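Asker: Here it is, the structure in full.
Bear in mind that the values in this text are calculations on the coordinates, not laboratory data. Every value quoted in this text rests on a predicted model; they were computed, and no experiment measured them. Backbone-built Cβ (ideal geometry, glycine too); neighbour counts: all protein chains shown.
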Amino acid sequence: MTDHHGEFDSVSGKTTTGHEWDGIKELNTPLPRWWVITFYLTIVWAIGYWIVYPAWPLISSNTTGLFGYSSRADVAVELANLEKIRGDKMAALGAASLADIEKDPALLALARAKGKTVFGDNCAPCHGSGGAGAKGFPNLNDDDWLWGGSLDQIMQTIQYGARSGHAKAHEGQMLAFGKDGVLKSDEIVTVANYVRALSGLPTRKGYDAAKGEKIFAENCVACHGDGGKGNQEMGAPNLTDKIWLYGSDEATLIETITNGRAGVMPAWEGRLDPATIKAMAVYVHSLGGGK
Amino acid sequence: MNKTVNPNELTSEDDFGPLYAARKKVYPQSVSGTFRRIKWGLMAFCLGVYYFLPFVRWNRGLGAPSQAVLIDLPNSRFYFFFIELWPQEVYYFTGLLIVAAVTLFLMNSVGGRIWCGYLCPQTVWTDLFYAVERFVEGDRRERMKKDKSSGLTLRRAGEIALKHTIWLMIAWWTGGAWVLYFSDAPTLVKELLTFQAPMVAYIWIGILTATTYVLAGFMREQVCTYMCPWPRIQAALTDEWALNVTYRYDRGEKRTSVKKAAELRALGEQVGDCVDCYQCVAVCPTGIDIRNGPQLECIQCGLCIDACDNIMTKLGRPKRLIGYDNDINIQRRQDGKAPIYRVVRPRTIVYSAIIAAVGGIMLYTLATRSLLDVNVLHDRNPVAVKLSDGSIRNAYTVRLLNKSGYDRVIAIDADGPVNLTTHVVGADSVTPDRPMIVIPRDTTSELRLLVTAPAENNPEKSIPVRFRVTDIGLGEVATATDNFVAP
């Protein structure tokens, strides 16, 4: 920068602003008047903003503006509106029967959307965000159900849970045959191999099938049924299929027979409203395994 | 526009420079001629299309809007005569914008700022507003005189009031026509007149009334000079062959009156055809002197050509002292060679090719556009599920688009290297192995599709699957591909 004053530029017939960078001088090309006025108007407009809207921070609060506008209050109003809109839709969901919901595309879409959100908030910690499950927590996408996979059965399980302490909860558990001294360890190994054979898995060398069948008949058939097909009344899994909640290898089976199993599904009645539970039942049913 | 200043006359204000440049009001004079006629014609055409297009009807059948051009925002549809576009097809607008931009480039490389001079809304409406001003207040000299005189007579006040009333009416119609593109025009007009139209319609009419009134009535050439980027961009798009409105200095200099010219010629001096009558300056809507050469402010409307031609005709000299020309030809004439015009050159060929290619692709895709479409998204959590009998199941979210004006019954099949069975959640299918679903007209449906591979031929890891959606009635087929994954 040279001096503040501009100088005359004989080529353009204009003055310069006095700004100079490495010998390049800036010509003074003033804006039109309306443009300059508009610029000042924007400043005035900004001052108006300070007055009308919350603007200046104070020590422990801020200026609130003339109309007391607050974006937080706006959000609260919007949320209330949303709740109202949803309330009407959820009322329709609450009034419809489970079977009707699955047949009505609009209700099905609503139930699936609502169910998915609520599932993510409440069920995903154990069952996984897509309901894929984990060891000890059933996969809700497959067609193997401990307590039944019809809409009503799924809804009942969600409402009351399993071994949840709720009066109507599913009860029944896998007994600890080893720990309680019912079966000796060699008997446990034998029956574990028998169970593996039930679903077509290879067995240990020298395993006595006849002895396994006898132990199974005396101890397991009461719950798991003849041939190990399971019993949904007691939550006893089908031992002949390809789906294993805790695992199908020999060591896991021995552990299961020795210590028993009694996973807990909490009761959601009272925690979630009936329409939401309904939506969740439809959602879980629609994951793919529903009967 | 640059005023030449004598350095000795600089004041202290000039040292710092003025804070702003004062507006030099332009008083364009009326003119008649070829280019004025072209401009009237194009103005009538452009405004006619703009104001009346919303009222053109187009029969699309029951339940669909019958307006030829309609931007249906609530239902996310765009209608243009036989074309109906969905939001997914926004790429047509991309194509349209490319064609528009390159057409602008092409116009520029052939005939300079044709857009600015004849077609730009700013030019068209400003021209219309000038016509109103001229009709009410008189031509250039009268308007200048009236603006200079300080006394406000009743007659003068009436003139001003009348001018602004007509301007506001035009502006109001402009805003009014705009909103008609977004709703059924005859219904909206009725609602507007009975004050039953939605608030947003009145707000938009208000906004566009204000912008039209201010931009065409007051800002005028300032929009082109200060606000619009196009005058700057076009400098990069023009070349030495482009025909621009040009003052032919090869036959114009030295400028002087007819009488003086004769005297100078007698003395053997070089004298031009320009008689320095300033008619080209008087008619210019941006208030410049074209004889100073090409300049930023010039919108190339050709009115100075008309003005000059009229004078040349009266003087019995050849026309087009100002005309569409370029410096190459001026040079050639000075050298005694014939002028050459080169419209076909690499630049224009490339632009034309781009326009043809993009336009062709758009037309082709539009003509072969399917009215039935399917998108498939594989579930990611879990990607695959093992069922109790050992078979593998994958779930997909399927989005079906029925762009036609009738309901469709469709069937979904999954084709892959292994035998796959399909099931749609919630579909009350009479054919359990081949789900059939009804998609209502002009809607999208989202379905959950379960695909199962039986236990005996479980796929290895991941196999490609083709989803085939068939319209049972018409046989139309849409397909999408994805993968079937084993756990």
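Asker: Divide, for chain B, the radius of gyration over alpha carbons by 2.2 N^0.38 Å, where N is the residue count. Each step should come with its number before you reach the end.
Answerer: On the way: Rg = 33.1 Å, N = 487, 2.2 N^0.38 = 23.1 Å.
Expressed relative to 2.2 N^0.38 Å, the Cα Rg reads 1.43.
Asker: Here's something else I'd like to know. Using +1 at the Cβ of each Lys and Arg and -1 at the Cβ of each Asp and Glu in region B:19-136, identify which of B:95, B:120, B:56 lies farthest towards the dipole's positive end.
Answerer: Positive-end residue among those listed: B:120.
Asker: Put +1 on the Cβ of each Lys and Arg and -1 on the Cβ of each Asp and Glu in region B:242-334; which of B:287, B:277, B:299 then has its Cα farthest toward the positive end of the dipole?
Answerer: So the residue furthest toward the plus end is B:277.
Asker: Would you mind working out the magnitude of the charge dipole of the protein assembly as shown relative to its Cα centre, with +1 at each Lys and Arg C-beta and -1 at each Asp and Glu C-beta, to the nearest 20 Debye?
Answerer: Working: 82 positive and 80 negative charges, 682 e Å.
With only Lys, Arg, Asp and Glu charged at Cβ, the dipole is about 3280 debye.
Asker: 222 nm [θ] for the protein assembly as shown, helices only, -39500 (n - 2.57) per DSSP H run of 4+, per residue, to 500?
Answerer: Numbers: 25 runs with 323 residues, N = 778.
That calculation yields -13000 deg cm²/dmol at 222 nm.
Asker: Also, I was wondering about something else. What translational diffusion coefficient, to the nearest whole µm²/s, does region B:34-236 have by Stokes-Einstein, given a Kirkwood radius computed over alpha-carbon pairs, a temperature of 4 °C and 1.567 mPa s viscosity?
Answerer: Numbers: Rh = 19.7 Å.
Here the translational diffusion coefficient equals 66 µm²/s.
Asker: Okay, moving on. What is the mean number of Cβ atoms from other protein chains located within 10 Å of the Cβ atom of each residue in peptide B:216-227, rounded to a whole number? Please list the in-between numbers first.
Answerer: Details: counts 0, 0, 1, 2, 0, 0, 3, 0, 0, 1, 4, 1.
Mean shielding count: 1.
Asker: Taking the Cα centre of each part, how many Å lie between region B:319-354 and region B:90-146?
Answerer: Using only Cα atoms, the two centres lie 24 Å from each other.
Asker: Apply the Karplus parameterisation 6.51 cos²θ - 1.76 cosθ + 1.60, with θ equal to phi minus 60°, to every residue of region B:97-114 and state each ³J(HN,Hα) to the nearest whole Hz, in sequence, with x for glycine and proline.
Answerer: Once θ is set to phi - 60°, the couplings for region B:97-114 become 5, 4, 4, 4, 5, 5, 4, 4, 4, 5, 4, 5, 7, 8, x, x, 7, 4 Hz.
Asker: Amide H neighbours of residue B:462 under 5 Å, at least 5 residues apart or on other chains, H built in the peptide plane: list them.
Answerer: B:486
Asker: According to a simple spin-label model (label point 7 Å from Cα along Cα-to-Cβ), what is the distance in nm between residue B:239 and residue A:80?
Answerer: So the label points at residue A:80 and residue B:239 sit 6.7 nm apart.
Asker: Which listed residue (A:288, A:128, B:189) has the Cα farthest towards the positive end of the charge dipole for the protein assembly as shown, taking +1 on Lys and Arg C-beta and -1 on Asp and Glu C-beta about the Cα centre?
Answerer: Result: B:189.
Asker: Now for a different question. Please give every one of the aspartates and glutamates within straight-line cross-link reach of residue B:25, meaning a C-alpha to C-alpha distance under 16 Å, and leave out same-chain neighbours fewer than 8 residues apart.
Answerer: Excluding near neighbours in sequence, the set is B:127, B:133, B:137, B:139, B:142, B:147, B:221, B:289, B:297.
Asker: If the rule is a partner Cβ under 4.7 Å, which cysteines in chain B fail it?
Answerer: For chain B, the answer is B:46, B:116, B:120, B:224, B:228, B:274, B:277, B:284, B:298, B:301, B:308, because their Cβ atoms have no other cysteine Cβ under 4.7 Å.
Asker: Amide H neighbours of residue A:15 under 5 Å, counting only residues 5+ apart in sequence or on other chains, H built in-plane at 1.01 Å?
Answerer: Amide H neighbours of residue A:15: A:9, A:28.
Asker: Please say if region B:372-484 is rounded, prolate or oblate, where rounded means a/c under 1.5 for a ≥ b ≥ c the square roots of the C-alpha gyration tensor eigenvalues, and otherwise the choice is prolate for a/b larger than b/c and oblate otherwise? All intermediate terms of the calculation are to be shown ahead of the outcome.
Answerer: Details: a/c = 2.05, a/b = 1.91, b/c = 1.07.
It comes out prolate by the Cα gyration axes.
Asker: How would the protein assembly as shown be classified by its alpha-carbon gyration tensor: rounded, prolate or oblate, with rounded meaning a/c under 1.5 and the a/b versus b/c comparison settling the rest? Can you show the working numbers first?
Answerer: On the way: a/c = 2.94, a/b = 2.63, b/c = 1.12.
Taking the square roots of the gyration eigenvalues as a ≥ b ≥ c, the protein assembly as shown is prolate.
Asker: Can you run phi through the Karplus equation (6.51, -1.76, 1.60; θ = phi - 60°) for region B:225-238 and list ³J(HN,Hα) in whole Hz, with x for Gly and Pro?
Answerer: Each residue's phi maps through the Karplus curve to give 6, 10, 9, 7, x, 4, x, 6, 5, 5, 4, 7, 9, 8 Hz.
Asker: Straight-line reach from residue A:211: which lysines have a Cα under 24 Å away, not including same-chain ones fewer than 8 places off?
Answerer: A:179, A:184, A:229, A:242
Asker: In peptide A:28-35, how many Cβ atoms from other protein chains are near each Cβ within 10 Å, on average?
Answerer: Numbers: counts 6, 3, 6, 4, 9, 6, 7, 5.
Across A:28-35, the average partner-chain Cβ count within 10 Å equals 6.
Asker: List the aspartates and glutamates whose alpha-carbon lies under 14 Å from that of residue B:254, not counting same-chain residues fewer than 8 positions away?
Answerer: Result set, ordered by chain and number: B:263, B:269, B:273, B:276.
Asker: Now, a different point. Per-residue counts of other Cβ atoms within 10 Å, averaged by peptide: what ranking do you get for B:161-168, B:271-278, highest first? Write out the running numbers ahead of the final one.
Answerer: Values: B:161-168: 15.4, B:271-278: 18.0.
Ranked by mean Cβ neighbours within 10 Å, highest first: B:271-278, B:161-168.
Asker: Lys pairs in region B:34-236, Cα-Cα under 23 Å, at least 8 apart or on separate chains: how many?
Answerer: Eligible lysine pairs with Cα atoms under 23 Å apart amount to 4.
Asker: Taking the Cα centroid of region B:172-244 and of region A:36-60, what is the distance between the two, rounded to the nearest whole Å?
Answerer: Cα centroid of region B:172-244 versus Cα centroid of region A:36-60: 29 Å apart.
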